[in-house]
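Rule-based calculations on the coordinates, nothing more; no lab input. All of these numbers come straight from a predicted model, not from anything done at the bench. Every residue, glycine as well, gets a Cβ built from its backbone with ideal geometry; the counts of neighbours run over all protein chains shown.
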Amino acid sequence: MKMKTHKGAAKRFKLTASGKVKRYKANKSHILTKKSSKRKRNLRKSSLIKTKGDTKRMKRLIQA
């Protein structure tokens, strides 16, 4: 039987053209007044999942 896409993961992670997994940073949703503008600006940027095991797990969940 085919494995279904994990919709929660699919909304949070995307694949790059080279097959790496892109993620967005946490801590950007609320209690923003005490965070500096620089910190909030840096939280906007996306980053890549660096560990091999996590990358493999996420690819399996988002089925790419």
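Is there a residue being in a helix (DSSP H, G or I) and either within 11 Å of the chain's Cα centre (by Cα) or loosely packed, with under 12 Cβ neighbours inside 10 Å (or both) anywhere in the stretch 14-26?
So far as the stretch 14-26 goes, no, none of its residues is in a helix (DSSP H, G or I) and either within 11 Å of the chain's Cα centre (by Cα) or loosely packed, with under 12 Cβ neighbours inside 10 Å (or both).
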Those residues of the stretch 1-13 which are surrounded by 10 or more Cβ atoms within 10 Å (Cβ to Cβ), of a type in the set (A, V, I, L, M, F, W, C) and assigned to a loop (DSSP other than H, G, I, E, B), in sequence order:
F13
Residues that are within 12 Å of the chain's Cα centre (by Cα) and assigned to a helix (DSSP H, G or I): does the stretch 46-56 have at least one?
yes
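Residues being assigned to a helix (DSSP H, G or I), of a type in the set (K, R) and exposed (fewer than 12 other Cβ atoms within 10 Å of the Cβ): count how many of those fall in the stretch 27-43.
Matching residues across the stretch 27-43 total 2.
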